[in-house]
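Some notes on the structure that comes next.
The values are calculated or read from the model by the stated rules, or taken from the named source; none is laboratory data. No experiment lies behind these values; they were computed from the predicted model shown. FYI the Cβ positions are ideal-geometry reconstructions off the backbone, even for glycines, and counts take in every protein chain you see.
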Amino acid sequence: MEFNEAVKKRQAAIAFVLGVASLVAIFISLLALADIYHGESDLRLEWMVLRICFAVIFTGVIFAVAREAARTQRRAQVEKSRAYNAHLR
């Protein structure tokens, strides 16, 4: 397997795991927010859960945006190279 293919597969696996983790974090956030709404006496745990869930979702979004930006940059470089090679012919 070529290095580029291995990197792409690893990035896809990481993106999938972060996507699933984000969905789970959203569900857990809903549960924590329901507890906060119902006025539990000690809300420290719920707020900590919300902070952790935010971090998971934020990490997933940043990874997805960075991955797409890298793919777009690679595509632009390939198109630029093709245009340059066609100009030389």
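Before moving on, here are some points about what is shown:
- When Arg10 is tested against (1) over 23 Å from the mean Cα position of the chain (by Cα); (2) exposed (fewer than 13 other Cβ atoms within 10 Å of the Cβ); (3) not hydrophobic (A, V, I, L, M, F, W, C), just one condition goes unmet, and that condition is (1).
- Some residue of region 20-42 being exposed (fewer than 11 other Cβ atoms within 10 Å of the Cβ), at negative phi and among the charged types (D, E, K, R): yes
- Filter pass, Val17 being assigned to a helix (DSSP H, G or I) and loosely packed, with under 11 Cβ neighbours inside 10 Å: no
- Restricting region 56-89 to residues that are of a type in the set (Val, Ile, Thr) and more than 8 Å from the chain's Cα centre (by Cα), the residue that is surrounded by the most Cβ atoms within 10 Å (Cβ to Cβ): Val56
- Residue in region 12-35 that is touching a Ser or Thr at 6+ places or on another chain (Cβ under 7 Å) and either among the basic types (Lys, Arg) or more than 21 Å from Arg75 (Cα to Cα) (or both) present: yes
- Residue pairs whose Cβ atoms lie under 7 Å apart, sitting 6 or more positions apart in sequence or on different chains, and linking a residue in region 59-82 that is modelled with pLDDT of 85 or more to a partner that is of a type outside the set (Gly, Ala, Ser) and assigned to a helix (DSSP H, G or I), are Thr59/Leu18; Gly60/Leu18; Phe63/Ile14; Phe63/Leu18; Arg67/Gln11.
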